[in-house]
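Bear in mind these aren't lab numbers, they're just calculated from the coordinates by the rules spelled out. This structure is a prediction, so every number in the text was calculated from the model and none was measured. Every residue, glycine as well, gets a Cβ built from its backbone with ideal geometry; the counts of neighbours run over all protein chains shown.
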Amino acid sequence: MKKIIISLAAVLSLTSARAYAPAASWQLTDKYTVTFAGGGEVGGIFKTLKGTISFDEQHPETSGFVLSIDVASINTGNGLMNTHAKSAEWFDAAKYPVIKFTSKKITKSGAAYTVTGDMEIHGVKKEMTLPFSFKSSGSTGTFSGKFIVNRSDFHIGKPGGDVDENIKLEVTVPVVRK
């Protein structure tokens, strides 16, 4: 009986250790892209993305993201539009210099994932659930996602006008295991 209890305790101990094992840490490479499109001539990229990523493909519940985009890194391909986008009327980069996303929960469904977390833009924090994929090869991988952000939810610009309310974002983030 004593052997059975010791064996059971060992199995439970190993199971508990795996359930709480931290996910692997990944470092962003400089080959990332963050693009946006808002109808008509509105579109471009953000040039500066930073963050920390811990991610386990098999156990996404142990994973987490904290990502930030430097608002002043916006590039629409037009200097005047860049200045306007950074102004108080739109992103107000002087007052709100960073767009931030902090995950709360990551789940897997088939080959796809979803991450639920807080998106903070222009001083407004909103919970969002975003789809993404992850493809790995050895010690490297790539996160990819396409999603829509309603700019009015974050008080960016005035409602209506030439810029769509729904802004399409596409993010591709190559990573290397730390």
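Of all residues in region 97-129, those satisfying the criterion of being of a type in the set (A, V, I, L, M, F, W, C) and farther than 18 Å from Lys50 by Cα are Ile106, Ala111, Ala112, Val124, Met128.
More than 21 Å from Gln27 (Cβ to Cβ), among the small types (Gly, Ala, Ser) and in contact with a helix residue (DSSP H, G or I) (Cβ under 8 Å, 6 or more places away or on another chain), is that true of Ala85? Against the criterion (more than 21 Å from Gln27 (Cβ to Cβ), among the small types (Gly, Ala, Ser) and in contact with a helix residue (DSSP H, G or I) (Cβ under 8 Å, 6 or more places away or on another chain)), Ala85 does not qualify. The residue of region 161-178 that is nearest to Ser137 (Cα to Cα), among those that are part of a loop (DSSP other than H, G, I, E, B) and in contact (Cβ under 8 Å) with a residue 40 or more places away in the chain, is Lys178. Consider only pairs whose beta carbons are under 7 Å apart and that are at least six residues apart or on different chains; among these, list those whose first residue lies in region 34-62 and is over 20 Å from Ser109 (Cβ atoms) and touching a residue at least 60 places away in the same chain (Cβ under 8 Å) and whose second residue is in a strand (DSSP E or B) and of a type in the set (Lys, Arg). That search, which allows pairs on different chains as well, returns Phe36/Lys168; Ala37/Lys168. Scanning region 42-66 for residues that are under 17 Å from Thr142 (Cα atoms) and of a type in the set (Asp, Glu) turns up Asp56, Glu57. Residue-level analysis places Ser152 among those that are out of contact with any strand residue (DSSP E or B) (no Cβ under 7 Å at 6 or more places or on another chain), within 20 Å of Asp118 (Cα to Cα), of a type outside the set (Phe, Trp, Tyr) and touching a residue at least 12 places away in the same chain (Cβ under 8 Å). Checking each residue in region 139-178 for being β-branched (Val, Ile, Thr) and within 21 Å of Leu28 (Cβ to Cβ) picks out Thr140, Thr142, Val149, Val171, Thr172, Val173, Val175, Val176.
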